[in-house]
Every structure is written in C-alpha cells, then in structure tokens.
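Down below is the structure, laid out as structure tokens.
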Amino acid sequence: MTFSKRSALGLLVPAALAAALAACGPREEARTSSRTDVALNNVLATQGDALMINGKHVRLANAEAPLRTPYARCWAEAIAGREARKRVSDLATAAREIDIQPTGKTDEYGRTVARVSLDGLDLGESLVQDGYAVTPGEHPFNWCAPVSTNIDNAPNINALADLGR
C-alpha cells in the first residue's frame with residue numbers, strides 16, 4: 001500500500017487532533033506508589049517471575065516461575081509458564097500501589113533482582129503460595145518432571161488442578 005503526502009497528512013491531522021482533545025479532558029489520577037512513584041499503567045509481566053516497570057526489567061527475588069514458549073523445555077512448563085505470567089499480569093492490572101525493594105543484585109540477563117509488592121501483597125510469596133512458582137533454591141525445580149508430593153519444592157497441586165477450569 002502506498003500513501004501520498006496528502007493522504008498521509010489526512011491521517012496525521014485527525015490523530016493529532018484526537019490527542020490534543022484527549023489532553024484537554026478531565027485527567028484520571030495516575031495510580032502510583034507512595035514509596036516508588038511508579039505509574040502502574042507502565043507495568044508489564046514478561047514472565048511469571050519477571051516484570052518490566054517503566055522500561056526497567058525486574059526479576060522477583062523470592063519466586064522462580066516456569067518458562068513460557070519458546071524457552072520452556074516441555075509443554076507442561078510452557079502451559080504453567082503462560083498461566084504464571086497471566087497471574088502476574090492480572091495482579092499488576094488490579095493493583096493500585098506498587099513497592100519495589102531491590103536486593104542490590106542483578107541476574108544473568110541484567111535484570112534488577114527485587115522483592116515486589118502490589119497493594120501490600122508480596123508478589124513472589126503469593127505466586128509460591130498459589131502454586132504458580134517455587135521458592136528459588138540451590139537446584140532449579142524441574143517443571144517437566146511428573147508432579148509428586150514427594151518432590152522437594154513442588155508447587156501447590158491445587159493451583160495446577162485449577163488450570164483446567
């Protein structure tokens with residue numbers, strides 16, 4: 001598809017006008033934390049244990065979630081990873097306040113390692129408690145192994161059973 005200068009101008013003028021009118025209307029106060037001053041509309045869950053907050057990558061210090069496609073090692077991990085990311089996204093969308101407490105460390109990808117709280121709820125602890133993640137340990141949890149109550153650090157089986165609903 002090709003555009004002439006005139007047709008491009010015809011597209012730009014209405015867009016600029018709409019933006020100007022939107023700026024003049026009543027403003028909704030941005031949801032921010034009293035501690036971190038982070039606008040929550042700039043929070044994106046990239047993985048079940050990682051977020052992008054105002055363009056900065058943050059990895060949860062106290063939760064290790066399964067990986068999503070294409071990084072997952074099996075279908076079970078890919079599905080669990082998708083659900084973990086969705087849970088983080090849902091919690092971040094509903095939150096009115098965020099608190100980020102960096103540990104002073106970065107992970108192997110250069111992400112800031114931190115504890116993150118949404119409306120006073122520790123995100124990592126919540127994910128572990130609900131079965132979407134495990135507590136980081138010396139040996140990584142194998143999301144592709146059969147689920148058993150005998151496996152150390154196994155996720156809550158009730159949360160996994162809810163994935164089918």
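Readers should treat all values here as calculations from the given coordinates under stated rules, not as data from a laboratory. As the structure is a prediction and not an experimental result, all values here were calculated from the model. Because the Cβ atoms are built from the backbone with ideal geometry, glycine has one as well, and the counts that use them run over all protein chains shown.
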*Simple spin-label model, 7 Å along Cα-to-Cβ: ALA94 to THR106 in nm?*
3.4 nm
*Apply the Debye scattering formula to region 40-156, with a single equal point scatterer on each alpha-carbon and no solvent, then give log10 I(q)/I(0) at q = 0.14, 0.16 Å⁻¹.*
-0.53, -0.70
_Ranked GLU97, GLU108, GLU77, criterion: other C-beta atoms within 10 Å, fewest first_ = GLU108, GLU97, GLU77
*asked:* Can you compute 3J(HN,Hα) from phi for each residue in region 87-95, using the Karplus curve 6.51 cos²θ - 1.76 cosθ + 1.60 with θ = phi - 60°, rounded to whole Hz and x for Gly and Pro?
replied: 4, 4, 4, 4, 5, 5, 5, 7, 6
*Taking the highest mean first, how do the peptides 111-117, 137-143, 89-95 order by number of other beta carbon atoms within 10 angstrom per residue?*
111-117, 89-95, 137-143
*Considering Cα pairs under 8 angstrom that are at least six residues apart, work out the relative contact order of region 40-119 and quote it in whole percent.*
31 percent
*Cβ under 10 Å from THR112's Cβ, THR112 left aside: what net charge do those residues give with Lys, Arg +1 and Asp, Glu -1?*
+3
